[in-house]
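In what follows, a single structure is set out as structure tokens and then discussed.
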Amino acid sequence: MDLEGAIPASPIKKESWKTVLSLAYQSLGVVYGDLSTSPLYVYKSAFAEDIQHSDTNEEIFGVLSFVFWTLTLMPLLKYVFIVLKADDNGEGGTFALYSLLCRHARVCSLPNCQLADEELSEYKKDGMASNNNRSFWGSSLKSTLEKHKILQRLLLVLALIGTCMVIGDGVLTPAISVFSAVSGLELSMSKEQHRYVEVPAACAILIFLFALQHYGTHRVGFLFAPVVITWLLCISAIGVYNIFYWNPKVYQALSPFYMYKFLKKTQKGGWMSLGGILLCITGSEAMFADLGHFSQLSIKIAFTFVVYPSLILAYMGQAAYLSKHHILETDYRIGFYVSVPEKIRWPVLVIAIFAAVVGSQAIITGTFSIIKQCSALGCFPRVKIIHTSSKMHGQIYIPEINWTLMLLCLAVTVGFRDTKRMGNASGLAVITVMLVTTCLMSLVIVLCWHKSVFLAILFIFFFGSIEALYFSASLIKFLEGAWVPIALALIFSAIMYVWHYGTLKKYEFDVQNKVSINWLLALGPTLGIVRVRGIGLIHTELVSGIPAIFSHFVTNLPAFHQVVVFLCIKSVPVPHVSPKERFLVGRVGPKEYRLYRCIARYGYRDVHKDDLDFEKDLICSIAEFIRSERPECSIPILDSENDERMTVIGTSSSNLEGIRMHEDGDVDSSEIVGTSERRVAKSPEKVRKRVRFIVPESSQIDNGVKEELRELMEAREAGMAFILGHSYVRAKKGSSLIKKIVINLGYDFLRRNSRGPTYVLSIPHASTLEVGMVYQV
């Protein structure tokens, strides 16, 4: 199913208020499930440290003050009013910021970038300015990044660390959310009974959650928003009740003075408790990461008018209750449920479990999405990506990642068995992602928004200092659970960097060993061999030149196909590529050689076609190139290396005025290209699958073009053969020990266990030919 048209909504000003409010309603279920369940464990985690409680309530009011100002400054001020504006053509997240920087400073991590990619409409849509609009500091920073490879690698590593921490959050969030929701059972049973029920119940819910992933969230997605809204109404109503019933003066704690009094009185214990307070903003990054599914305005409305007030009321209500029960240590240990009136505890427990599942679902789906982005940008091994919905863009399922997350999640739940250590681990992952976002945003302010460098320094100083305070409080608990996200980040970062490094070296080898065009010209139109009917599709990463695999074929095989296409499927640093700009098509050598180059371009959020539609679009794009190969009819883009002229061609569905291809199984054997009304030269010798091109009525084509189109049509009828290189990558002699380990062990292991190109999965084995090649990198 072609989902290429499912691009995010148009700019906000074109959306009706009905659409905006509908998106805001939907975002409550997808974006805010994790953030809305944080009251389940914040106070429990904050008071887990050895803090001495007094009758003055300074500790309780101090924690509430920290929670209020953290929610106000981080999600509300930083994300809602600043970070959400740094979208990449409607997309958000760590890699969206990195993609923006790649385009503005030419620090792209993809090896096969072309100048032609900068002509894409989405490449320019974000308002890229000329050098004249940049300040002196902005121009200096841009040139410094472009000159120094080490800075480009550091920028990539920074983006990878943020990405890996998001993946780590995908392990920790389901564990702590479900475990905290289930902990309410402790109020209705003895401690001995609870010990044997809590962990198995949490594990059973987690297994059920991950087992349902392959069905896709679209089947039950309509329930997400009602569940979260019910939960938010529930906690805010309980909060209002507790405020008026227990302590109406709790509003005084909103003064920042109580933060000072809290730290002054509790000192080291209070500083360490910041790691627990930090959990009140768990899930804030989802506002930015899930931006592509909604719009800025809808996410802002949902948070500002629904989520933010509900959370503030919930935390104030808990503080009001605890201010009158601070002598009972069990109240701190059990956390949220003790502040719930006894008559409604069971219904609240059920709603909490559903809300925890919804919140966990959101982060799992987000993890799938970010893995897909990393894979598209060459920073993660290719994995099997299943699109679970033909109507909803971005609904994907990755089996390998799903079961890995489930095993890690169960290991954390069984291994820790308490909210304190899970909170320590989750807190470090959350604050690290925020620190990375702050660092990347400071660069975006200067390079992309062309603002003053002093504004960027002010941004990173203000928010960075707050996040650094929380980061230090989380890092100090390394041995008490915070080592988990660090370990996960190191493992995933190593996988990503090894894959990226190996892919880059492999591409460099291809570039250095590509065949000269003079060698091709010396062979003549027949290439020195017999040309048989059919299309030979050679998959290559090269965007210019002749790959070494082709010379290997020509010199070792007695025959080759009459039409040869060098196919490159590449990703570009934009979220989406318009179907009208999907293909770059050109010739390799003179016309009579019948050699073509076709580059299929996809954004990092695009859905790749993996069925017969891709073949159809490919053939139609070549046919349209042949028909319109005149200066006045095409947009030629010069390739500096081989003087190849590439023309932008859209998919057959997007180019209504171009050539279309029709295939059927009961048409006569040979037919010249014609219009939809005219058919010429039929020969009823043989009945088989037939192909014909339908040319627009207004099109005037000469005999040479008609003959070339006839050959392409006959070649398509004869069938397509896919030639793939089966690479064996080895470190060359004289390489360092580290490089040998990375290439010979790490990259080789990942390559052997990763998937091939997406479209290859649907190709019959009989049509595929693999050729082994050794890469000495």
**OP:** Given the peptides 339-351, 408-420, 461-473, arrange them by the average over their residues of other C-beta atoms within 10 Å, most packed first.
**Re:** 408-420, 461-473, 339-351
**OP:** Provide the gained length on full extension for the span Ala559 to Trp137, in nm with one decimal, where the gain is 0.36 nm per separating residue minus the Cα-Cα distance.
**Re:** 146.0 nm
**OP:** Note the full-extension length gain between Ser754 and Glu711 as 0.36 nm times their separation in residues minus their Cα-Cα distance, in nm to one decimal.
**Re:** 11.8 nm
**OP:** For the range 528-538, just list the computed ³J(HN,Hα) in residue order, Karplus coefficients 6.51, -1.76 and 1.60, θ = phi - 60°, integers in Hz, with x standing in for Gly and Pro.
**Re:** x, 9, 7, 9, 9, 5, x, 10, x, 9, 9
Subject >> Debye intensity ratio in log₁₀ form over the Cα atoms of the range 430-474, taken at each q of 0.32 Å⁻¹ >> reply: -1.06
Original post:
Between rounded, prolate and oblate, where does the range 394-529 land on the alpha carbon gyration tensor, with a ≥ b ≥ c its root eigenvalues, rounded for a/c under 1.5, else prolate if a/b exceeds b/c?
Top reply: oblate
**OP:** Could you check how much of the accessible area of the range 547-624 is carbon and sulfur, as a whole percent, using a 1.4 Å probe?
**Re:** 52
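Excluding ligands, DNA and RNA, what is the solvent-accessible area per residue of the range 500-602 at a probe of 1.4 Å, expressed in Å²? Don't skip to the end; give the middle numbers.
Values: 3310 Å² over 103 residues.
On a per-residue basis, the range 500-602 sits at 32 Å².
Let's test the formula: R0 of 51 Å, r as the Cβ-Cβ distance of Ala204 and Thr19. What FRET efficiency results, to the nearest 0.05?
With R0 = 51 Å, the Cβ-Cβ based efficiency is 0.80.
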**OP:** Would you work out if the range 433-513 is rounded, prolate or oblate? Take a ≥ b ≥ c from the square roots of the eigenvalues of the alpha-carbon gyration tensor; rounded if a/c is under 1.5, else prolate when a/b is larger than b/c, oblate otherwise.
**Re:** oblate
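Compute the accessible area per residue over the range 418-479, keeping the other protein chains in place, probe 1.4 Å, unit Å².
On the way: 2240 Å² over 62 residues.
Heavy-atom accessible area per residue stands at 36 Å².
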Subject >> Per residue convex hull volume, Cα atoms of the range 694-737, in Å³ >> reply: 186
Subject >> Residue pairs, from the table Lys44/Lys249; Lys18/Lys580; Lys372/Lys739; Lys18/Lys78, whose Cα atoms sit over 25 Å apart >> reply: Lys18/Lys580; Lys372/Lys739; Lys18/Lys78
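Let me know the shape class of the range 330-489, please: from the alpha-carbon gyration tensor, a ≥ b ≥ c as square roots of the eigenvalues, rounded when a/c is under 1.5, otherwise prolate if a/b is greater than b/c, or oblate.
oblate
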Original post:
How long is the gain from Phe257 to Lys732 if the chain were fully straight, where each residue apart is worth 0.36 nm and the alpha carbon distance is subtracted?
Top reply: 164.6 nm
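The values are calculated or read from the model by the stated rules, or taken from the named source; none is laboratory data. All of these numbers come straight from a predicted model, not from anything done at the bench. Quick reminder, even Gly has a Cβ in these numbers, built from the backbone with ideal geometry, and neighbours come from all protein chains shown. We work out accessible area using only protein heavy atoms, side chains counted, and drop any ligands, DNA or RNA first. Shrake-Rupley method; radii C 1.70, N 1.55, O 1.52, S 1.80 Å.
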